[in-house]
1. Rounded to the nearest 500, what is the 222 nm mean residue ellipticity of the chain from helices alone, with -39500 (n - 2.57) per DSSP H run of 4+ residues and division by all residues?
2. Computed FRET efficiency, Cβ-Cβ of residue 124 and residue 84, R0 22 Å: what is it to the nearest 0.05?
3. Relative contact order of the chain, please, whole-number percent, based on alpha carbon pairs below 8 angstrom and at least 6 residues apart.
4. Over region 200-250, what is the relative contact order in percent, taking alpha-carbon pairs closer than 8 angstrom and at least six residues apart?
5. What's the extension gain from residue 220 to residue 249 if we count 0.36 nm per residue and subtract their Cα-Cα distance?
6. When only Cα pairs under 8 Å and 6 or more residues apart are kept, what is the percent relative contact order across region 164-306?
7. Taking Cα centroids, how far is region 173-239 from region 129-154 in Å?
8. For residue 206, project a label point 7 Å along Cα to C-beta. Then give me every residue of region 250-293 with its amide nitrogen under 12 Å of that point.
């Protein structure tokens, strides 16, 4: 199966600002089949977005014009598109150019998950992959990953749904799309390396060089959110030096994300199990970034999994 050629993507700096009250806002929801597009769509609909599933890309402009002219409809439009649409990338890139020319702000959200998780979900639902045909399920997933690679890179927000349930995905959608974007939204996430590195991380730091509170009997059952653990972790030799240096290293990147109109950034802090060290460091780093004026959300991917 041949893959359509892909025009050069529109850079963020060339796109319209997200503060134009006269323009309908368009959110393109895409990503891997089985990664949670339908769940994301339901969460957006609950928040007042006008959601359309499996709309051919060439009709996005038509729908945008229709909604703009109908005062009874929401000015926030979410369109769920995927490889079921023919000429997927070619049509989408043309639509992005048309939205930019019309001064209509748009954002792209890409949902992803690891192959083993996608296979498990398809097997549980007993449905074939849309690109599977007469081949194996894994062949369809591999082809889709190739076809969506450019859109994944172009996404404003990448969400890894491998280790989160539908309720956590809905919470993530609400946290990121509950209001207009006026600045960079930063997510600082703790995780456990034994559960895998988050697919959606823009920056990853490893804090396993710090002593593990797990080996302290009085701290083992607590988490990095508890004061005794936080005090223990932040008081270890090298902890404050790491936090100060990593915080200072992040600032140029985050400030340039703002300059390049990148609306979301995910910073992942990892330890062995994602329960003690990474959680404490995540909370502290989140505090520092809030002082810097960033809109920060802290989350703990693997807390409670042990």
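1. -12000 deg cm²/dmol
2. It comes to 0.60.
3. That works out to 21 percent.
4. 29 percent
5. Once the chain is fully extended between residue 220 and residue 249, it gains 7.3 nm.
6. This gives 45 percent for region 164-306.
7. 32 Å
8. Counting backbone N atoms under 12 Å from the label point, the list is 270-272.
Taken together, the values in this text are just the output of simple stated rules run on the coordinates, not laboratory data. Small disclaimer: the values here were computed from a predicted structure and weren't measured. No Cβ is skipped: glycine too gets one built from the backbone with ideal geometry, and neighbour counts run over all protein chains shown.
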